[in-house]
């Protein structure tokens with residue numbers, strides 16, 4: 001499996017300069033590094049996951065694993081065995097989402113259980129910003145907090161996002 005941190009950092013408790021810089025730039029979080037290490041430990045015996053690339057692993061109540069395009073079926077496993085194993089070992093639901101080239105498709109995948117009212121593009125002097133509009137009554141059903149989603153979209157797409165409840 002491939003992770004956003006190097007293999008040395010994946011197996012040790014200390015981060016190298018390159019991985020520590022990515023944490024400092026808020027591309028990845030310290031909690032994610034712990035989860036990467038745990039996922040590597042749980043799935044290291046499965047040969048069919050050798051080429052799977054995990055981009056991010058975020059979420060509190062629900063663990064959302066974001067993979068590169070085409071790896072989602074490998075990570076789910078035959079009849080969902082791999083994702084069920086992960087869910088059982090981690091004691092929480094696991095949702096696997098594929099990184100898509102378009103932010104709008106990514107929003108639909110992440111918030112598939114929550115109806116999205118709209119996605120607006122706001123042009124600012126600093127650059128584009130996406131405003132995701134969701135009903136206020138759906139606030140408790142979000143799989144990710146707005147801060148975590150903003151961090152993920154910033155690291156994957158290099159854009160700013162904001163979730164607005166109406």
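The values are calculated or read from the model by the stated rules, or taken from the named source; none is laboratory data. A quick note: this is a predicted structure, and the numbers were derived from the prediction, not measured. Backbone-built Cβ (ideal geometry, glycine too); neighbour counts: all protein chains shown.
Taking the stated definitions as given, is residue 83 within 20 Å of residue 34 (Cβ to Cβ), in the same structural domain as residue 32 (by TED's automatic domain parsing), surrounded by 12 or more Cβ atoms within 10 Å (Cβ to Cβ) and without any contact (Cβ under 8 Å) to a residue 24 or more places away in the chain?
yes
Kindly provide the set of residues from segment 129-142 that are surrounded by 14 or more Cβ atoms within 10 Å (Cβ to Cβ) and either in contact with a strand residue (DSSP E or B) (Cβ under 6 Å, 6 or more places away or on another chain) or outside any loop (DSSP other than H, G, I, E, B) (or both), ordered by number.
Answer for segment 129-142, where residues must be surrounded by 14 or more Cβ atoms within 10 Å (Cβ to Cβ) and either in contact with a strand residue (DSSP E or B) (Cβ under 6 Å, 6 or more places away or on another chain) or outside any loop (DSSP other than H, G, I, E, B) (or both): 129, 130, 131, 132, 133, 134, 138.
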Working only within segment 4-33, note down all residues that are closer than 18 Å to residue 59 by Cα, part of a loop (DSSP other than H, G, I, E, B) and out of contact with any strand residue (DSSP E or B) (no Cβ under 9 Å at 6 or more places or on another chain). 26, 27
Picked from segment 134-157 (must be farther than 22 Å from residue 27 by Cβ and under 20 Å from the mean Cα position of the chain (by Cα)), the residue modelled with the highest pLDDT is 134
Going through segment 47-72 one residue at a time, which ones are over 17 Å from residue 109 (Cα atoms) and in contact with a helix residue (DSSP H, G or I) (Cβ under 7 Å, 6 or more places away or on another chain)? 48, 49, 52
Taking the residues in segment 10-24 that are more than 21 Å from residue 154 (Cβ to Cβ) and touching a helix residue (DSSP H, G or I) at 6+ places or on another chain (Cβ under 7 Å) as candidates, determine which candidate is surrounded by the fewest Cβ atoms within 10 Å (Cβ to Cβ). 16
